[in-house]
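Here's the structure, in structure tokens; my notes come after.
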Amino acid sequence: MKLAYNDIERDNPEPRSARLWFLGGSSFSIKFHNQPTIFVDLDAARFDPHLPQSGSAPALDLKRSVFLPFDISEIRTKTAYLSTHEHRDHCDEISATWILEQGGIFFGPKSSCERANSWGEFRGRIVELDGSKFQSAKFGDVSIHSATNDDPSALGSNSYVVSFDGINILHNGDSLYNSEMNRELADRF
């Protein structure tokens, strides 16, 4: 059975609970009781990335084999797009602009927001969060907190803690394990 976006949109978790849907690659969605859908690193693009040589690691040409399980055009409601960093599979133009065109909000570090601003006139709905300052924003009644992140391959990157109704969901993007950062997140949340 194929997942349709309406399956996510119609679902309304019980109070004090959340639903997460894995959407392939680095993408997933979050839904809380009576709150709009939040997408993290949504990637509707189909591309075969080329990774240049880096230090002693050779260049790689990859073939993508994971695709979004529904058509992006099924999203017709106001949703949020959280981008952990500016890499194409975490800051996808196709899905981000579609969400913005439907009245949604884009959240990301400076590097992701610069990319999103280059895609059109969405400035009022692109929200820059700097994880080094533990900034917060709201989407509906859900709090989105940016947190520091250790991703040496990105120009800028955020971890996110998505909070609602006593639930905190942490997503570190592509960050490396950092015990100091994780202790700080645990103390704060």
How far is it, in nm, from the label point at Leu155 to the one at Phe67 when both lie 7 Å from their Cα along the line to the Cβ?
3.0 nm
Suppose the chain between Phe134 and Ser17 were pulled fully straight at 0.36 nm per residue; how much longer would it get relative to their current alpha carbon spacing?
39.7 nm
To the nearest 10 Å², what's Asp130's accessible area with a 1.4 Å probe?
50 Å²
Among Lys110, Lys133, Lys31, which one shows the biggest mean-square fluctuation in a GNM of the chain, springs joining Cα atoms closer than 10 Å?
Lys133
How many angstrom separate the Cα center of region 100-169 from the Cα center of region 13-37?
17 Å
Antiparallel bridges, percent of DSSP beta bridges restricted to the chain (to nearest 5)
75 percent
A correct Karplus calculation of ³J(HN,Hα) over region 94-111, with 6.51 cos²θ - 1.76 cosθ + 1.60, θ = phi - 60°, whole Hz and x for Gly and Pro, returns 4, 6, 5, 5, 4, 4, 5, 5, 8, x, x, 10, 10, 10, x, x, 3, 4
Considering amide H positions built from the backbone, and no H for Pro or chain starts, which residues 5 or more places from Phe107, or on another chain, come under 5 Å of its amide H?
Tyr81, Leu82, Ser83, Val127
Efficiency of FRET between Glu101 and Asp165 - r from beta-carbon atoms, R0 25 angstrom, step 0.05:
0.30
Rounded to whole Å², per residue accessible area for region 71-189 with a 1.4 Å probe reads 47 Å²
How much mean residue ellipticity at 222 nm does the chain get from its helices, if each DSSP H run of length 4 or more adds -39500 (n - 2.57) and you divide by all residues, to the nearest 500 deg cm²/dmol?
-4500 deg cm²/dmol
Computed Rg/Rh of the chain, alpha carbon atoms with Kirkwood Rh
0.96
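Which of the residue pairs Lys78/Lys133; Lys31/Lys138; Lys78/Lys138; Lys31/Lys110 have a Cα-Cα distance greater than 18 Å in the structure shown?
Lys78/Lys133; Lys31/Lys110
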If you plug each phi of region 146-155 into the Karplus form 6.51 cos²θ - 1.76 cosθ + 1.60 with θ = phi - 60°, what whole-Hz ³J(HN,Hα) values come out, in order, with x for Gly and Pro?
8, 9, 4, 8, 10, 10, x, 8, 9, 5
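The values are calculated or read from the model by the stated rules, or taken from the named source; none is laboratory data. On a predicted model such as this, the values are computed, not experimentally measured, just so you know. No Cβ is skipped: glycine too gets one built from the backbone with ideal geometry, and neighbour counts run over all protein chains shown. When the accessible area is computed, the model is the full protein with side chains, heavy atoms only, and any ligands, DNA or RNA have been set aside. Shrake-Rupley method; radii C 1.70, N 1.55, O 1.52, S 1.80 Å.
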